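The values are calculated or read from the model by the stated rules, or taken from the named source; none is laboratory data. These numbers were taken from a predicted model, which means no experiment stands behind them. Here the Cβ positions follow ideal geometry from the backbone for every residue, glycine too, while neighbour counts run over all protein chains shown. Only protein heavy atoms, including side chains, enter the accessible area calculation; ligands, DNA and RNA are left aside. Shrake-Rupley method; radii C 1.70, N 1.55, O 1.52, S 1.80 Å.
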Amino acid sequence: MNIVSRMVAIALATLNFIGFMPRIVVDTARVGINYITLQRDLPLIALEQMQEDIATAVTQTQRPFVLATGEDFARVRAHLADPSGDDFIHNATSYVLEQAACLLSTEPVRYYFADGRRLLEVSRETLNRIITLGFAWQVTGNERYAQRAWQELAQVCSFPNWNHRHFLDTAEMALAVAVGYDWFYDAFTTEQKDLLANTIYRFAFARGNPRRVLSNWWSWSQTNWNHVCFGGLGIASMALAHRFPAHAADFLQQAFYSMPIAMAQFRPHGAYVEGNSYWDYGASYLVYFISTARNFLGSDYGLSQLPGFYELGYFALHFSTPTWGAFNAGDNRNSPLWTPINFWFARENQAPMLAAFQRISYHAGMVRPSSPLFPATGIRVTVPSTLSRQFALSCLWLDPSMNEDFASLEFPTSVHLQSDVGEEFVFMRERFGDPFAAYVGIKGGNNNTNHGDLDIGNFIFESQGIRWFHDLGRADRNTSGFFNNLVLGGRWRNYRKRAEGHNTLVINPHLAMEDQYPFAVARFTSFENNTAVLDMTHAYMRHGVQSVTRELQMLPDYTGIRITDHIVCRMDSEIFWFAHTRADIEIAPDGRSAVLRQDGRSITATLGEDSLGVFTVMNAEPLPQSRARRNPDENRDYTKLTVHLQGVREAVICVTITNS
């Protein structure tokens, strides 16, 4: 683009911005108002009632009760003593004990900031180690594990602080020390327990008063911070309620009242708006808190009965893909949703499909611990693994009676998931449990969500055991303004966060600094017979469009998919159709079809007869008129199949993708 063209583009974008300024101001204000008008859904428990319930729990509840009970550990020991006991418990426990043995000769964690500002990695490693050693001690009674756990706990209690400025670090460390206090209660001396309790109070309780709403904004947050911070400190409050009853009553009263603020984000269908990685994070702490509250107080005071909570347990099934990845929209990884809360939700929902999904995951190679569990991998573990925490909690939460064959269970293969905050997804798949099954997911919903992208209309597609079209996922969060997702926000300077970095449309990119409207909301207007129709018009409201719809169809017999876009513009327009891939692309001489090849397999993309344009291949990098930062190495493993139209007012782009 020459200097004159660039100046014209800037002028048009400026006029366009000014023209839409009233709408932008209103939408920006609406985001703020949404936080002011918080939706709690549960009444505030009377402080006197909370005090009475805590006093009763302190006198009647036996330890351990944090995350699991003595009965849970006894069940594990019984299965280990029985040669015909549950295979998963036998194998997983062997792995945890191997990790615990590794820890006996490993130095305690150090106080350091991996990224220069967060202690979070240290907090998480401490939690992993304490759960690993605590599980090993509870199962075997070997005092070496208790002694090693004390070294770890004494070390973190000697830290100058738990980095309350990034309170997730504090909350996770408080949980780690609370687990140690509770699980090793009978192994530690009074002086040792005094140190743990007083350090939690000084570093966590004194810093995490939810009534200080300005410094502790997480107390009214609608994000995963709410559940992690209330969960970590809430569990610590229960573990130390016999020492600090007044604090416990006050904090837990606020926790039960304020945690529903974030729970409203995933009702009614359990669609966690922050995506798969943050579902695992936020939902896990919610489960940690609810399970501990039931064990200690005998109630979760209605948290588990709120709309969408039990549906949240099925999130992993829908977002997981046949190749043991995930639809990694936003700031998420393409990682399998293997997590012990699958077992917890399976038990709660009496849902054998969830238990089977969790069991088959480690057999399928999603989880690769050490060779005693998986001789075929040939991998030996020589350092502690974060998987040990997952295996330990899985053993404690699974229902051994749920051991059905995954392939024999029935579960909906096509779903439309919605959230009250406007997030929407449609997933269609051939079957569960088959890595070669066809699968497609498409995102509608709300661009302005925590960790969200400008990605309305984005899709991923898998077949033949290969992901053919990718969501590029997370970007460098250390870039300036990364979490500013308002109009002109710094988040949109990242290619992976923009529409051009997704498998969707870009229309007249010169008209606005962002290539989709950051406050756009897109609804699926229909979903039946494996066909979904998404109205994307709002996403391009500043790009000269009259209407934009995308229809996604899974073809009969699951042989492929068809994407049909109908675009009507108010002016002669430039339109891009993008689909990111790692496959090698060969375009036919007439440009009307393309063959994609990867790992010895192939698919064919064909333009419909009424479609304009031809296929081309572009690098996965910003367009010349884009305001995204130039980072040529970031996406060098990807190219994108492209259709590029110019000077059109109406267009149909119909792409059929089939197995070759």
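Just a few scattered comments:
- Protection proxy ranking of 428-441, 120-133, by the mean of other Cβ atoms within 10 Å over each peptide's residues and highest first, is 120-133, 428-441.
- Working note: 222 nm ellipticity from helices only, DSSP H runs with n ≥ 4, each -39,500 (n - 2.57), summed and divided by the residues of the chain, gives -11500 deg cm²/dmol to the nearest 500.
- Label zone (Ser299, point 7 Å along Cα-to-C-beta; backbone nitrogen cut-off 18 Å) within the range 233-259: 238, 248-259.
- Among [x] 156; [y] 196; [z] 237, the entry derived from the coordinates for volume of the Cα convex hull per residue in Å³: [x]
- Percentage relative contact order, the range 16-130, counting C-alpha pairs under 8 Å, at least six apart: 9
- Centroid-to-centroid separation of the range 101-151 and the range 437-510 [C-alpha atoms, Å]: 37
- Set of lysines with alpha-carbon distance to Lys497 below 17 Å, sequence-local pairs under 8 removed: Lys443, Lys640
- Near Arg429, once Lys and Arg are set to +1 and Asp and Glu to -1 for all other residues with Cβ below 15 Å from its Cβ, the sum equals -3.
- Other residues within the sphere of radius under 9 Å centred on the Cβ of Gly457, judged by their own Cβ, net out at 0 (K and R +1, D and E -1).
- The chain, relative contact order [Cα under 8 Å, separation at least 6], %: 11
- Residues listed by number, the range 476-518, amide nitrogen under 20 Å from Ile587 label point at 7 Å toward C-beta: 500-509
- Trypsin sites (Lys or Arg not before Pro) within the range 621-654: DSSP coil, no more than 15 neighbouring Cβ in 10 Å: Arg629, Arg630, Arg636
- Here, the range 249-300 is characterised by an Rg to Rh ratio of 1.00, where Rg is the alpha-carbon radius of gyration and Rh the Kirkwood radius.
- Probe 1.4 Å, accessible area per residue of the chain, Å²: 37
- In nm, spacing of pseudo-spin labels at Gln39 and Ser84 (7 Å Cα→C-beta vector): 5.2
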